[in-house]
Amino acid sequence: MAGKTALINKTKKQPFHIYFKHHWWLYAMFLPGAIYFIVFKYIPITNLVIAFQDYNPWLGLFKSPFVGWKHFENFFKGNDFFMLLRNTLAISFLNLIFYFPMPIIVALLLNEIKNYRYKSSIQTMIYIPYFISMVIVASITYTLLNERDGVINMIIKEFSGETVKFLSGKEYFRGIIVIQNIWKETGWGMIIFLAALAGVDMELYEAARVDGAGRWKQMWHITLPAIRGTIVIMLILRVGAILNTGFEQIFLMSNSLNRSVAEVFDTYVYRLGITNGQYSFSTAVGLFKGIVGCIMVLGTNWVAKRCGETGIY
Amino acid sequence: MIKQKRSNKIKGSLGDRISITGIYIFAGLIGIICILPFLYVVGGSFATEKELTEKAFLIVPSEFSLNAFKFIIDDGRIFNGLKNSIIVTVWGTILAMVMTTTFAYPLSRSDFRGRNLSLNLVIVTMVFSGGMIPGYLLVKSLGMLDSYWALTLPGAISAFNMVIVKNFFQNIPRELEEAATIDGCSDFDIFVKIVLPLSKPVLASISLFYAVGLWNDYFNCMLYINDSSKHTAQLILRSIVILAQGFDLTGSRLDFGLAGAPPEQAVKLATTVVTTIPILIVYPFIQKFFTKGVMIGAVKG
């Protein structure tokens, strides 16, 4: 250890050109990644300036007229802003209430199962949907729920004689999104909580049993406190990402009939920017979302650190 | 100690035994619910169209039929898509791994000058990005539309994966590298001969992260690839199953892709099956290394 620091100290004292001469390979390896980050991460950030322009692809970034806050003003004055905010928050909060506890419950259940093969095969089944693409999830949803030949509608029809407009009805959209989310994401969250549970000292359970604590008491007093930190971090991540409602999923499930409840910031940016070519306005919307999202992430992280958790960044 | 444990087991109250049985059954049910949709899709793809559309079809077909698979083989679109997906996934994963590891190595060296500044600039991009439109305009201005560069290069380094790899490299004992330096190895030799071979577990996990992400992506392909012969499997699945549904929903907005007519239910199911199979084939590896990767990430967090 002493030798290591000595060596570092020695190299730190070298002038840069001598260090570079010895370690030019490091810079050669560093270069492609550095160019990547400049081109694909930082140039788009500087290009956000088009949010303050009337960007015209023919005129380009430097000749397009500068219009200041016009697009932001239009966005906040229009009706769309509140619709987007309402839809985004509704989906996020439903996910928080219904999806968030699922991985914890499942992990606690599986933790009680001592038969290894049974446990791991159930774990495998729950984990599979996580690796399936959103397109497959949406495809399965469409084939199960559509009105013409979807099996769920056929079952409903056999009982009630009527079909339900799951895919176009506004009242079903959010429910379907949350159920898809639970099905697809529970496995991933479960793995994280199971990893945290694997670190619990078995002797604690032993001691609790000797003291006469039953299964539920052990779960309440040993298992849950052991994963409290993980739960808090996962909750912070979710709250920080409250404006990210899973663009791919919502885009696949939305259509012209349920748009008034399905449109969120990302789908709105896509539809106006890419489909309609309103580059500047949609960039302004995206920039607003990006800044609020950034504040949310940093803010929740700060709160976590104040609460004595480790935080993420 | 052991004696006590055993006696406890025998005594285990009736309530306790009922609750453990309940837990076993309930957990089993959750598992079955999770794979039920797959069973339906696989079963349905072997059923006849008549059976699927006349009454509620439940998983086991009464009449076995391969017509749907014959149809999609004749149609060929989805297999072309699978071929394209394999090209994008293999090429994209190799590119991402080369870019990520070569960038992570210098940043893992505490003696690397410029390390802190670079790391901070990378972490900024984890919190804030230019967003969809500037990204799209960039790819467009680089002339990458309709090429697979657009699908592989913009995502070649995930800052998150890079940090995981960097942290793993950092934990390799520096003494090994110093010994190699004394033996006359260059930094690149050290990276290739010492660091990479010692990092196999994390490299396996990260390459699977990248590969699954590339395989499952449809949005970038939709954004950047207009030429339908270059479409990946996910996008073709979407046009066969989801866009064809537009007919049922609105009666007006139609996009049937190339087929010209709405595909039948069995064909949609069969297309879903062949798009899902590649992931299921590699699933055992994925599960093993993904779990490891998640844990490495979690330890870091």
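Answer yes or no as to whether B:Thr102 is at the interface with chain A (Cβ under 7 Å from one of its Cβ atoms) and either surrounded by fewer than 15 Cβ atoms within 10 Å (Cβ to Cβ) or β-branched (Val, Ile, Thr) (or both). Yes; evaluated as a whole, the condition is true for this residue. Of everything in the range A:9-41 that is within 7 Å of chain B (Cβ to nearest Cβ) and open to solvent by 60 Å² or more (accessible area, probe 1.4 Å), the residue that is modelled with the highest pLDDT is A:Trp25.
Taking the range B:149-161 as the range and being buried (at least 20 other Cβ atoms within 10 Å of the Cβ) and within 14 Å of B:Cys221 (Cα to Cα) as the test, the residues that pass are B:Ala150, B:Leu151, B:Thr152, B:Leu153, B:Pro154. Of all residues in the range A:168-204, those satisfying the criterion of being outside any helix (DSSP H, G or I) and open to solvent by 20 Å² or more (accessible area, probe 1.4 Å) are A:Gly199, A:Asp201. The helices (runs of 4 or more DSSP H) located wholly in the range A:7-115 that include 2 or more residues which are hydrophobic (A, V, I, L, M, F, W, C), touching a Lys or Arg at 6+ places or on another chain (Cβ under 9 Å) and over 30 Å from A:Gly240 (Cβ atoms) occupy A:16-22. Within the range A:132-165, restricting attention to residues that are facing another protein chain (nearest Cβ under 8 Å) and outside any helix (DSSP H, G or I), the residue that is nearest to B:Val282 (Cα to Cα) is A:Ile132. Screening B:Val212, B:Val195 for residues that are surrounded by 16 or more Cβ atoms within 10 Å (Cβ to Cβ) and at the interface with another protein chain (Cβ under 9 Å from one of its Cβ atoms) leaves exactly one candidate, B:Val212. Among the numbered conditions (1) touching a Leu at 6+ places or on another chain (Cβ under 9 Å); (2) within 27 Å of B:Leu214 (Cα to Cα); (3) buried (at least 21 other Cβ atoms within 10 Å of the Cβ), the only one that B:Leu52 does not meet is (2).
Restricting B:Thr271, B:Thr250 to those that are modelled with pLDDT of 90 or more and over 27 Å from B:Ile94 (Cα atoms) reduces the list to B:Thr271. Residues that are more than 22 Å from A:Phe75 (Cβ to Cβ) and not hydrophobic (A, V, I, L, M, F, W, C): does the range A:233-243 have at least one? Yes, the range A:233-243 contains at least one residue that is more than 22 Å from A:Phe75 (Cβ to Cβ) and not hydrophobic (A, V, I, L, M, F, W, C). Look at the range A:265-290: where a residue is more than 7 Å from chain B (Cβ to nearest Cβ) and without any contact (Cβ under 8 Å) to a residue 60 or more places away in the chain and a partner is open to solvent by 20 Å² or more (accessible area, probe 1.4 Å) and of a type outside the set (A, V, I, L, M, F, W, C), sitting 6+ places away or on another chain with Cβ atoms under 6 Å, you get A:Leu272/A:Gln278. The residues listed here are B:Thr181, B:Thr100; of these, the one that is β-branched (Val, Ile, Thr) and farther than 27 Å from A:Phe247 by Cα is B:Thr181.
Checked against (1) outside any helix (DSSP H, G or I); (2) within 8 Å of another protein chain (Cβ to nearest Cβ), A:Pro129 passes all but a single condition, namely (1). Across the range A:266-274, a minimum of one residue is classified as touching an Asp or Glu at 6+ places or on another chain (Cβ under 8 Å) and either open to solvent by less than 40 Å² (accessible area, probe 1.4 Å) or polar (S, T, N, Q) (or both). Among the residues of the range B:223-243, those that are in a helix (DSSP H, G or I) and open to solvent by 30 Å² or more (accessible area, probe 1.4 Å) comprise B:Ser228, B:Ser229, B:Lys230, B:Arg238.
The values are calculated or read from the model by the stated rules, or taken from the named source; none is laboratory data. Here the structure is a predicted model, which means the values were calculated and not measured. Positions of Cβ are backbone-derived with ideal geometry, glycine not excepted, and every protein chain shown enters the neighbour counts. Heads up: the accessible areas ignore ligands, DNA and RNA and are worked out on the full protein's heavy atoms, side chains in. Shrake-Rupley method; radii C 1.70, N 1.55, O 1.52, S 1.80 Å.
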